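Here's the structure, in structure tokens; my notes come after.
The values are calculated or read from the model by the stated rules, or taken from the named source; none is laboratory data. Model, not experiment: these values are computed from the prediction. Neighbour counts run over all protein chains shown; Cβ positions are idealised from the backbone, glycine included. What goes into the accessible areas is simple: the full protein's heavy atoms, side chains included, and nothing from ligands, DNA or RNA. Shrake-Rupley method; radii C 1.70, N 1.55, O 1.52, S 1.80 Å.
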Amino acid sequence: MKLALLWLLPLATLPADAAVNFRTQLWPLLAKNCVDCHRAPHKDPSGKLVEPKGRLRLDGAALILKGGSEGDAVVPGDPDKSSLYQRILLPPDHEDVMPPKGKGKLFSFDDSELLKQWIIEGASFGDWKGLGDAPAAAAPKAAPKAADPLSAGATAAPEAAKEAVRQLGALVSPVAVGSPLLRVEWVSGASAITDQQIALLAPLAGSLAELDLSDTKITDAALATVAKFPRLTWLNLNNTAVSDAGIAPLQTLLNLSYLNLHSTNVSDAALPGLAPLRKLRQVYLWKTRVSPAEAAKFAKSIPDLKVTID
Ligand code: HEC
């Protein structure tokens, strides 16, 4: 069928010696077909905060390399591991295809080959940094969100405490307009963050709902602080040194629904500690020491839990 044929076609548009230019060849494609759903959090006409889909932003070089909720979107040199490329290759009615079914035009064969070639060549952005380059796309229509029981009783974090966390280079934003619940993340500079700095998050304990610590230098010690955020629903520890000892205290996080442990030192021994977290729905265990058998057992132990191990 179509897919089988693709491999037989010569790369006529891609002379072997010409490097793909991201700014002139790829950015226009992403800007037109992808960025509307994958850009900075912004307000829609009704004032509701719209987050980038899949937590993936494609409107800046550092943001593309940062990846989304499932980890890396682009692995330089490796198109097979780059979900940005894999998702555009999916059949048009596949549930994971990008753009989603009915939401835009699929990449042409030549365009997807261009993207693949760019990844193989090392995914260089040249002088393109993005952010400001993004076109002002129309704000997408968002469905109204149901009242959020987590907000009840949440305390608004003191401005001084938020400011102290911003001084660490973090983005501190409400999870929705008018919500006292906060999201804390590092778009850049994560590698400068250590256990010591995480201690500064403690005054946000009453309102912290989403925390992205991926690519930071934290160790298990930091998770003792994180365990004291009772409203945490979303925690990303991707590519950190955390291990089984750090996971154990997290059993206090009874509202947690998303936990990303991709590229950490956790093993099978960490999983029993997560069993009390009945609201867990998504756990990422790719590139850990967890065995597929234990991952499967764990997935069955909590209703509707999806565990991703490869
Ligand atoms: C109409 C909105 C929309 C458009 C347009 C769109 N996406 Fe998405 N994208 C989503 C949604 C929703 C998700 C999260 C659900 C999922 O994982 O399928 C997502 C997730 C992703 C992810 C996985 C992110 C992660 O780590 O979870 C990648 C990669 C991605 N999109 C790439 C693209 C690319 C490349 C394009 C352009 C060709 C594109 N998207 C266009 C809505 C969109």
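See the values below:
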item: LEU200 being surrounded by fewer than 17 Cβ atoms within 10 Å (Cβ to Cβ) and in a helix (DSSP H, G or I); result: yes
item: Number of the condition not met by VAL35 [criteria: (1) under 28 Å from ARG281 (Cα atoms); (2) more than 21 Å from the chain's Cα centre (by Cα); (3) within 10 Å of the ligand (Cβ to nearest atom)]; result: (2)
item: Residue ID - surrounded by the fewest Cβ atoms within 10 Å (Cβ to Cβ), chosen from residues in the stretch 78-110 that are within 9 Å of the ligand (Cβ to nearest atom) and not in a loop (DSSP other than H, G, I, E, B); result: GLN86
item: Boolean, LEU280 is open to solvent by less than 10 Å² (accessible area, probe 1.4 Å), without any contact (Cβ under 8 Å) to a residue 40 or more places away in the chain and outside any strand (DSSP E or B); result: yes
item: Some residue of the stretch 10-30 being open to solvent by 30 Å² or more (accessible area, probe 1.4 Å), modelled with pLDDT under 85, over 21 Å from ASP127 (Cβ atoms) and within 15 Å of the chain's Cα centre (by Cα); result: no
item: Residue count for the stretch 207-231, restricted to those that are of a type outside the set (S, T, N, Q), surrounded by 21 or more Cβ atoms within 10 Å (Cβ to Cβ) and under 15 Å from GLN196 (Cα atoms); result: 5
item: Long-range neighbours under 6 Å by Cβ, at least six apart or interchain, first residue more than 10 Å from the ligand (Cβ to nearest atom) within the stretch 58-70, second polar (S, T, N, Q) and open to solvent by 10 Å² or more (accessible area, probe 1.4 Å); result: ALA62/SER188
item: Number of positions in the stretch 244-262 that are among the polar types (S, T, N, Q) and crowded, with 19+ Cβ neighbours inside 10 Å; result: 1
item: Residue within the stretch 63-74 that is within 18 Å of LEU29 (Cα to Cα), open to solvent by 60 Å² or more (accessible area, probe 1.4 Å) and out of contact with any strand residue (DSSP E or B) (no Cβ under 6 Å at 6 or more places or on another chain) present; result: yes
item: Residues of the stretch 186-195 classified as assigned to a helix (DSSP H, G or I) and either within 11 Å of LEU171 (Cβ to Cβ) or modelled with pLDDT under 95 (or both), total; result: 3
item: Within the stretch 58-75, considering residues that are over 13 Å from LYS129 (Cβ atoms) and of a type in the set (D, E, K, R), the one nearest to the chain's Cα centre (by Cα); result: GLU70
item: Scan of the stretch 283-310 for residues that are open to solvent by less than 40 Å² (accessible area, probe 1.4 Å) and small (Gly, Ala, Ser), ordered by number; result: SER291, ALA295, ALA299
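Results for (1) basic (Lys, Arg); (2) in contact with an Asp or Glu (Cβ under 8 Å, 6 or more places away or on another chain); (3) under 16 Å from ALA156 (Cα atoms), shown as yes or no for each residue.
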position	(1), (2), (3)
LEU213	no, no, no
ASP220	no, no, no
ALA224	no, no, no
PHE229	no, no, yes
TRP234	no, yes, no
